[in-house]
1. Is it the case that some residue within region A:483-495 is surrounded by 17 or more Cβ atoms within 10 Å (Cβ to Cβ), more than 14 Å from chain B (Cβ to nearest Cβ), closer than 23 Å to residue A:652 by Cβ and touching a helix residue (DSSP H, G or I) at 6+ places or on another chain (Cβ under 8 Å)?
2. In region A:625-678, how many are outside any strand (DSSP E or B) and within 26 Å of the chain's Cα centre (by Cα)?
3. Quick test for you: out of B:257, B:213, pick the one residue that is closer than 30 Å to residue A:709 by Cα, more than 14 Å from chain A (Cβ to nearest Cβ) and buried (at least 20 other Cβ atoms within 10 Å of the Cβ).
4. Please determine whether any residue of region A:563-570 is at positive phi and in contact (Cβ under 8 Å) with a residue 40 or more places away in the chain.
5. (1) surrounded by fewer than 19 Cβ atoms within 10 Å (Cβ to Cβ); (2) in contact with a helix residue (DSSP H, G or I) (Cβ under 8 Å, 6 or more places away or on another chain); (3) under 23 Å from residue A:145 (Cβ atoms): which one isn't true of residue A:67, the others all being true?
6. Based on what the data block shows, is residue A:248 closer than 30 Å to residue A:516 by Cβ, buried (at least 16 other Cβ atoms within 10 Å of the Cβ) and touching a residue at least 24 places away in the same chain (Cβ under 8 Å)?
7. Based on this model, can you work out whether residue A:479 counts as under 17 Å from the mean Cα position of the chain (by Cα), buried (at least 24 other Cβ atoms within 10 Å of the Cβ) and not in a loop (DSSP other than H, G, I, E, B)?
8. Please pick out the residue among A:701, A:616 that is on the phi < 0 side of the Ramachandran plot and buried (at least 19 other Cβ atoms within 10 Å of the Cβ).
């Protein structure tokens, strides 16, 4: 943070109070205390006079034809106001983030376990629940299409979406495909250039976002025939864009206001109960609230794509990568959701932050009768990182090289090219991140003489008093893009208002940004303080009265909406200074706003903002667009596809009980370049949170699906790390500014989720000597009891 | 749904007699979860929270009479010395909030094979009894005969659990539980072990690896024989790898686990053998120390 002293002659008082709560400071988040004390109002806490409760009937089958739906018994139940099927939808029957292939309510068939078929509105949730059970559906159950082999042979096993109804850009049961070739590609001639060739097959299980606040919202019908929806989401405007056609309303009659969000991580990018609540509210003319139960939440949102990957790398004897050939198969489940963009990321980032002269890549997302998969923190880069980082360790071992040095030898840097041909035109300190993470002090060995049982694998489950425990250390580095890619203009809008309230200049920031826990509301106020020299900033509730803020995802919100707030605040500042010039005839070119005053570097304090503003408010709105990108060429994968890249390196230290196959991550260190830390405390929190979610994928988190059916739709059996599983996470932050980004910042939230998982698996491999090719690593993998 | 709130134990028994399908609830850590997931729709709920004696324990001679609703957190705080095996099991139950509410009575009522208390109760000796009471009178059900099937126990429809009788430990006791995370986890499998020097017996209990919690009877008999034969109860001498190994194998053989979403049958068998060896070794080391310091 820069503090500054005004040197002017006229007013010599020392004005060096650039706000400590401006950018670079770490003011506390406005919602933090409320959340810790249990006083924050989440979307599930909302209530409206006279409201009804909505509930969906969901399919118990992953694939079936619906022969009939009989709602008559449900309608007869006292307290039931409506029972709706797809026939009651007033507008378009389909929606989708990228491809409108998902019916708002199933039409004649269901394609995944948990697909919504009918809706009930009743005056009590228990009544709604009973009514749902009274809906009679006659199914013709079909064999689900769930494996890669089945999906790729539709002639034999059938189509998830029949050719005549297929809406995606793929073919057969392939939702999306991206190929990539760079250098000479991978041919026999290229293979011959390598001294050592290593290949491997890797598999990633289906991770869930596992946010704690279930999907919920309140739809209130309005007198103008429109509807107001209070909703926990990641992107208000894209919800509206998908909702309005289904509801048969123009967009301006569908008004959304953000309600309290209890975590998102990508799982709220898609529509869940938004359309359902609004359909019921439209139909009944009453406010309708929907809150998912925990099991319904597992059925009601998309997950991280499970992946099967084949990698082949060639390297010279002295450790230089020669080629990489890769095939990534992502299971997208029944509907497209964000699959196309996930494929784009997997293909373009799937070789990692390395310079590889010759590359071939083929990435696909399948349609299947498994649960739909879409956005989750790390978005297509996570799966691939497990593949390429596993390969890096195998290559280093084959060459007898240190795994960190081998990575450094091949690390990309500013000026290098991605396999897409895009030149990295801002800092890419991959080798330095690795060096720093390696140089951090190691934790002490387990003290067997003074054993704290909470520190060993199993902890208070009392499985070991030191027996069987072996320590391992692993390293990894990863790459992630920031912002939406491939030609998408995901601009953000911000409105900033400056006026005098109670004798003080006060800024108000109004955006449609979804605060999902990332701390955007804190950062927006910091930006306004820094740009406008005010202390008091209020954040307007996020809603669709202002333009889109884009999605709270892709590590983009500080970059994009933060950038919009900066632009709007700068415009307000210029307007205020212009007003002053008109009124007072200032001629200085060094005028700034500091500590509630208009000051000149040379002339000192000119006027207070209060006096200059008087009764007038300056209220301006600005859009922030990132630099344009282009789609990747479908065959070659070439193109300037990404806005910005971000890198994180990790070191994991684990203790493994090798007899029982239990793991305790002892320490997980992260070093990340963030360009500029607008709020260092939040940045560290993001990195630690990202690492923890990566830890979950490494050793425990998986939605288990058998024959298309979800087997563990509960927090009893979908395990996420507890505090005893979460180790100390030392974080070192680098601030190497990106000249293209506001304040030079780099998106933070996803890079550690991409990079940390492989370091943990590498550490477990070192401890056990077992070649682990699937995550999450299960105790069965480590004990030969699968 | 009827909601019954008896103020006294006698009223509770009368209510249970009148509504035999009523589901007793105390801490609610199991019942409420199942209701939230719509697994159970009991016709009536019998709230036992107004009955103070269920939350008390007393020592009667060498026996702890543990009230059915005494929460796990109090077992840890107040009974770790008398019931070390059960206290160690209590440590592994859920989160602090769950341990403040959940109780052994609930574990027994639910009779899930994964209940954490069961292996410790089974290992705690031959004289562990569930005090089952109805308007018809009182039965003391031996713990071995209490578990009759998956989530089924031998309580009659009109009976409520008042206490569990557990002998005060006369030797070292251990409890181990396997879970795929380091806290707040349902047992993939669990093992309870106890030495009973007074009558030269050992106790075992297997959790989550058979339709019901069960003892490893052959393993107990083998170990008792080995200890007797070699005079180890008196000497406190080394057990030897052969004995621990064989004991582990017999514990493993006593289980009949299944593959499920929490783990494979093979993994359960494998870890039971490891836990059996380790808990035996820990208990025996403690016992040896006692013998040697007494000598």
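1. Initial filter on region A:483-495 (surrounded by 17 or more Cβ atoms within 10 Å (Cβ to Cβ)): A:483-486, A:488, A:490-495.
Still in the running and more than 14 Å from chain B (Cβ to nearest Cβ): A:483-486, A:488, A:490-495.
Okay, now just the ones that are also closer than 23 Å to residue A:652 by Cβ, so none.
Within region A:483-495 (the criterion being surrounded by 17 or more Cβ atoms within 10 Å (Cβ to Cβ), more than 14 Å from chain B (Cβ to nearest Cβ), closer than 23 Å to residue A:652 by Cβ and touching a helix residue (DSSP H, G or I) at 6+ places or on another chain (Cβ under 8 Å)), the answer is no, since none of the residues qualifies.
2. Matching residues across region A:625-678 total 22.
3. Numbers: B:257 fails: more than 14 Å from chain A (Cβ to nearest Cβ).
Only one candidate passes the filter, namely B:213.
4. no
5. Tallying (1) surrounded by fewer than 19 Cβ atoms within 10 Å (Cβ to Cβ); (2) in contact with a helix residue (DSSP H, G or I) (Cβ under 8 Å, 6 or more places away or on another chain); (3) under 23 Å from residue A:145 (Cβ atoms), residue A:67 fails exactly one: (2).
6. So residue A:248 does not fit the description; no.
7. Yes, satisfied.
8. On inspection, the qualifying residue turns out to be A:701.
The values are calculated or read from the model by the stated rules, or taken from the named source; none is laboratory data. Only a predicted model underlies this, so the values are computations on that prediction, with no experimental measurement involved. Quick reminder, even Gly has a Cβ in these numbers, built from the backbone with ideal geometry, and neighbours come from all protein chains shown.
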